[in-house]
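Right, one structure below, let's go through it.
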Amino acid sequence: MTKKQRVAIVGAGPGGLTAAMLLAHRGFDVEVFEKQNQVGGRNGALRVDGYTFDIGPTFLMMRNIIDEMFALCGRKTEAYLDIRELHPMYRLKLGDGRDFSPIRDAVKMRAQLDALFPGEWEGYQRFLAYEKRKLARITPCLQVPYSSLGSYLSGRMLRALPYLDAHKSLFEHLGDFFHSDLLKLAFTFQAKYLGMSPWLCPATFSIISYLEHSGGIHHIMGGLNQLSQALAKAATEDGAKIHLATPVTEVMVTHGRATGLKLQNGETIQADAVVLNADFAHAMTHLVKPEHRQRWNDAKLKKAGFSCSTFMLYLGIDRTYDIPHHNVIFAPDYRQNVREIAETQVLSEDPSIYIQNACVTDSTLAPPGHSTIYLLVPTANNRGSIDWAKEAPMYRDKVLELVESRGGLSDLRKHIKAERMITPHDWEHQLDVYAGATFNLAHNVGQMLYLRPHNSFEDIRDCYLVGGGTHPGSGVPTILESGRISADLIERKFNTPT
Ligand SMILES: Cc1cc2nc3c(=O)[nH]c(=O)nc-3n(C[C@H](O)[C@H](O)[C@H](O)COP(=O)(O)OP(=O)(O)OC[C@H]3O[C@@H](n4cnc5c(N)ncnc54)[C@H](O)[C@@H]3O)c2cc1C
């Protein structure tokens, strides 16, 4: 590269920061423009009266991807992050009231399966063996862009095809290994990370539960938000500039090429390449004029499928609870609950709830003797007609009542000292998440791989996408991969002699 090429990145979420870190290390002149006054986006921190919460991601899988990204920049993760594995991975309160706590220890796992689901150990072994082969075939497809039909039909993809299992649902696929429907659910709830129903989500995604069972679930001390902090630190050490509280209002396009950004403060930034990390559909509808979008036009976005949303409560409390770090309380009628979220789009009377009790691992998040409780309730996205201004206070009370009665948090309401709520309406209108669909475009067969918005954005040259809305999809490790894929594409374009 003779002249330093200038890359302007919209958004300092984990996708934008990964691209910033890699490109800055490779000698590009990188500037990141972030609307909020901190980095991280959905992976940011929420600090309230001495309590620290992760806004979004709390489950960290595939920590090896973090190691790879830092290694690409000549760094060691340990110099930036203190990452600990969780044992057990999580507690699942099944619909029949029993607790099941999957653990990455074969002896303890077998003892639990034999006690709770006699006869299922053999199926579990087959599941692990099958998914291991599947992951080996699919992983290479998650590390490259799909910009053309040719790349879609590559040898790599053809080798993975028999393992994609895209013709059946996740729930159906688990029937090949397990008899008990409750046990199947213990391997499907991870569809939550994609915001999808296990009965609709393609079986391709059974690799997520395999990744947990094979590689474990980790916590980052200080919260997963520390990942974004670390990516930002490494990027700035290599010369990237991160501008906080600097909203972008438009991607400038000339003759089909991205040429820079317009900022809300009136400035214009010229760039050789633009990287969009803002939520994909939000960016399309707010930052890219309709005349520049041939494929991802408003009609296509209207027809696109989007993930569910989440109703969130972040509670700082003046006591601790003796429950594991991650807890999933299944609705007694889980299928009905999922139908209400994904199909009928109404508020569930009896929802499933995720409880994070992070202080059991990480006392840095609250004052001594106090702790933080993070509650996430998957709900319909804003394409339904739930009136959150009206429903939110009642829903808050219902959720608190349920976690007290079913989640093991007795008297929780008496101990709340600090509280924040994010509703699906807030995700959309305060945090710029299209339709409040917290896990982005749905991951159905029609919106995966070549059919997902391309990393090298198909509608505008020199415009690249990173984050949950592009390939390979939503979830921290895949989002980091999107940063790497787009950084590689930019490097290839500007470093290859023509
Ligand atoms: C509640 C919740 C729980 C989740 N749990 C998990 C989990 O446990 N594990 C997991 O792997 N994944 C999880 N995810 C999914 C995913 O990993 C995260 O959402 C991730 O943070 C998304 O990263 P991103 O890079 O796509 O974008 P974001 O984090 O959304 O970042 C986009 C950034 O762009 C900025 N921006 C938007 N518009 C503009 C503008 N006009 N100008 C400048 N900046 C702008 C935003 O402010 C934001 O900072 C969860 C998500 C949510 C919401």
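Among the conditions (1) within 30 Å of L376 (Cα to Cα); (2) part of a loop (DSSP other than H, G, I, E, B), E172 misses just one, which is (2).
Filtered by the rule that a residue be buried (at least 20 other Cβ atoms within 10 Å of the Cβ) and not in a loop (DSSP other than H, G, I, E, B), the range 262-275 gives A273, V274, V275. Just one of the listed residues (I317, I341) is in contact with a Lys or Arg (Cβ under 8 Å, 6 or more places away or on another chain) and over 30 Å from D462 (Cα atoms), namely I317.
Of the listed requirements (1) in the same structural domain as L22 (by TED's automatic domain parsing); (2) touching a residue at least 60 places away in the same chain (Cβ under 8 Å), T249 misses just one: (2). Considering every residue within the range 51-68, establish whether at least one is within 16 Å of the ligand (Cβ to nearest atom) and at positive phi. Checking the range 51-68: at least one residue is within 16 Å of the ligand (Cβ to nearest atom) and at positive phi. Scanning the range 472-498 for residues that are more than 12 Å from the ligand (Cβ to nearest atom) and either assigned to a helix (DSSP H, G or I) or closer than 13 Å to V144 by Cα (or both) yields R484, I485, A487, D488, L489, I490, E491, R492, K493, F494, N495. Among the conditions (1) in contact with a Leu (Cβ under 8 Å, 6 or more places away or on another chain); (2) farther than 15 Å from G468 by Cα; (3) within 13 Å of the ligand (Cβ to nearest atom), the only one that E419 does not satisfy is (3). Contact annotation: residue pairs with Cβ atoms under 9 Å, 6 or more positions apart or on different chains, pairing a residue in the range 52-68 that is without any contact (Cβ under 8 Å) to a residue 24 or more places away in the chain with a partner that is of a type in the set (V, I, T), are D67/T77.
In the set (1) within 22 Å of the chain's Cα centre (by Cα); (2) under 26 Å from N64 (Cα atoms), A160 fails one condition alone, (1). All conditions in (1) of a type in the set (D, E, K, R); (2) surrounded by 18 or more Cβ atoms within 10 Å (Cβ to Cβ); (3) free of Cβ contacts under 8 Å to residues at least 40 places away in the same chain hold for K76, with the sole exception of (2).
Residues of the range 394-424 that are part of a loop (DSSP other than H, G, I, E, B), over 26 Å from the mean Cα position of the chain (by Cα) and either of a type in the set (F, W, Y) or buried (at least 16 other Cβ atoms within 10 Å of the Cβ) (or both): R406, G408, L409.
How many residues does the range 1-25 contain that are away from the ligand (no atom under 12 Å from the Cβ) and buried (at least 19 other Cβ atoms within 10 Å of the Cβ)? Steps first, answer last, please.
Of the residues in the range 1-25, the ones away from the ligand (no atom under 12 Å from the Cβ) are 1-7, 21-25.
Next, from what is left, pick out any that are buried (at least 19 other Cβ atoms within 10 Å of the Cβ): 5, 7, 21-25.
Residues that pass the stated criteria total 7.
Does N444 qualify as being touching a residue at least 24 places away in the same chain (Cβ under 8 Å), more than 16 Å from the ligand (Cβ to nearest atom) and under 17 Å from the mean Cα position of the chain (by Cα)? When the stated conditions are applied, N444 passes them. Among residues that are more than 9 Å from the ligand (Cβ to nearest atom), in contact (Cβ under 8 Å) with a residue 60 or more places away in the chain and either crowded, with 24+ Cβ neighbours inside 10 Å or not acidic (D, E) (or both), V30 is included.
This table checks each residue for (1) in the same structural domain as L158 (by TED's automatic domain parsing); (2) within 15 Å of the ligand (Cβ to nearest atom); (3) over 26 Å from I490 (Cα atoms).
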position	(1), (2), (3)
H425	no, yes, yes
A437	no, yes, yes
M448	no, no, no
L451	no, no, no
S456	no, no, no
R461	no, no, no
Y464	no, yes, no
G468	no, yes, no
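Within the range 260-284, the residues that satisfy the criterion of being away from the ligand (no atom under 11 Å from the Cβ) and farther than 24 Å from D29 by Cα are A281, M284.
Counted as qualifying within the range 276-378 are the strands (runs of 3 or more DSSP E) with 2 or more residues that are more than 22 Å from M89 (Cβ to Cβ), namely 309-317.
Would it be correct to say that T259 is of a type outside the set (F, W, Y), in a loop (DSSP other than H, G, I, E, B), surrounded by 15 or more Cβ atoms within 10 Å (Cβ to Cβ) and assigned by TED's automatic domain parsing to the domain that holds V275? Criteria not met by T259. Could you check, for the range 118-131, whether at least one of its residues is among the hydroxyl-bearing types (S, T, Y), away from the ligand (no atom under 16 Å from the Cβ), under 24 Å from P324 (Cα atoms) and not in a loop (DSSP other than H, G, I, E, B)? Checked the range 118-131: at least one residue is among the hydroxyl-bearing types (S, T, Y), away from the ligand (no atom under 16 Å from the Cβ), under 24 Å from P324 (Cα atoms) and not in a loop (DSSP other than H, G, I, E, B). For the range 236-248, the condition of being among the basic types (K, R) and loosely packed, with under 14 Cβ neighbours inside 10 Å holds for at least one residue.
The values are calculated or read from the model by the stated rules, or taken from the named source; none is laboratory data. Everything numeric here is computed off the predicted structure, so don't read it as measured data. Glycine gets a Cβ as well: all are built from the backbone with ideal geometry, and neighbour counts include every protein chain shown.
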